[in-house]
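Presented below is the structure to which this report refers.
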Amino acid sequence: MSVDREHVLRAAAELLARKATASMDEIAKSAGISRATLHRHFAGRDALVQALGVLGVQLVEERLAAARIDEGDPVDAVRRLVTEALPVSGFLAFLYGENQLYESEAMDEGWERIDEHVGALFRRGQEQGLFRLDLTPAWLTEALYALIAASAWSAQEGRIASKDAGHMVSELLLGGMIRSVEK
């Protein structure tokens, strides 16, 4: 029987988004395979997490492309980005908390590409006089990631309704970064 590696990774991501401490047995079960089959694809949890990091970069880059953040009004682009990111927010929350991912040069390069793309949106908003200048694009990027991760955790715990997460994230972020017009 042939096992689709991407299916296994997506099943692992879905489970780990809900339960970050899931065992390899639980991950194998969620993918519909044996633990031995899982270990043939991934030598251990570290190898699995590294592969999930690669998948995470791919998913985020797909979401960035779908959000078209280079187009139109920066405020609307932030809202599109949040909307596009929410379907993978649980997985992003898992990745956000996995420190071992940041020990990989390949992961660093992927996240640097993503950070640059998102940071460019915030710079564009600043250049157009829409976003505050005292908040760096790097800080706004990190704040966005943290809010998306927090929305996933809050929805999983039932503290917010999933359908409200996009509005809550985008409006809290934008409310703090939109430049107020001085009277």
Next item on the list: Looking for whichever is free of Cβ contacts under 8 Å to residues at least 40 places away in the same chain and under 20 Å from residue 94 (Cα atoms) here; the options are 158, 175. Which one fits?
Entry: 158
Next item on the list: Please work out which residue is surrounded by the fewest Cβ atoms within 10 Å (Cβ to Cβ), limiting yourself to segment 96-135 and to residues that are modelled with pLDDT of 75 or more, out of contact with any Phe, Trp or Tyr (no Cβ under 9 Å at 6 or more places or on another chain) and among the aliphatic types (A, V, I, L, M).
Entry: 133
Item checked: Positions within segment 164-178 being in a helix (DSSP H, G or I) and over 17 Å from the mean Cα position of the chain (by Cα), in sequence order -> 164, 171, 172, 174, 175, 176, 177
Next item on the list: May I ask you to list pairs of residues, at least six apart or on different chains, whose Cβ atoms are under 9 Å apart, with the first in segment 47-63 being polar (S, T, N, Q) and the second being modelled with pLDDT of 85 or more?
Entry: 50/42; 58/110
Checklist line | Failed item, numbered, when residue 16 is tested on (1) part of a helix (DSSP H, G or I); (2) open to solvent by 10 Å² or more (accessible area, probe 1.4 Å); (3) farther than 30 Å from residue 124 by Cα | finding: (2)
Note to self: Take residue 22 and tell me if it is among the aliphatic types (A, V, I, L, M), outside any helix (DSSP H, G or I), at pLDDT 85 or above and farther than 26 Å from residue 164 by Cα.
What the structure shows: yes
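The values are calculated or read from the model by the stated rules, or taken from the named source; none is laboratory data. As the structure is a prediction and not an experimental result, all values here were calculated from the model. Glycine gets a Cβ as well: all are built from the backbone with ideal geometry, and neighbour counts include every protein chain shown. All accessible areas refer to the heavy atoms of the entire protein, side chains included, with ligands and DNA or RNA removed. Shrake-Rupley method; radii C 1.70, N 1.55, O 1.52, S 1.80 Å.
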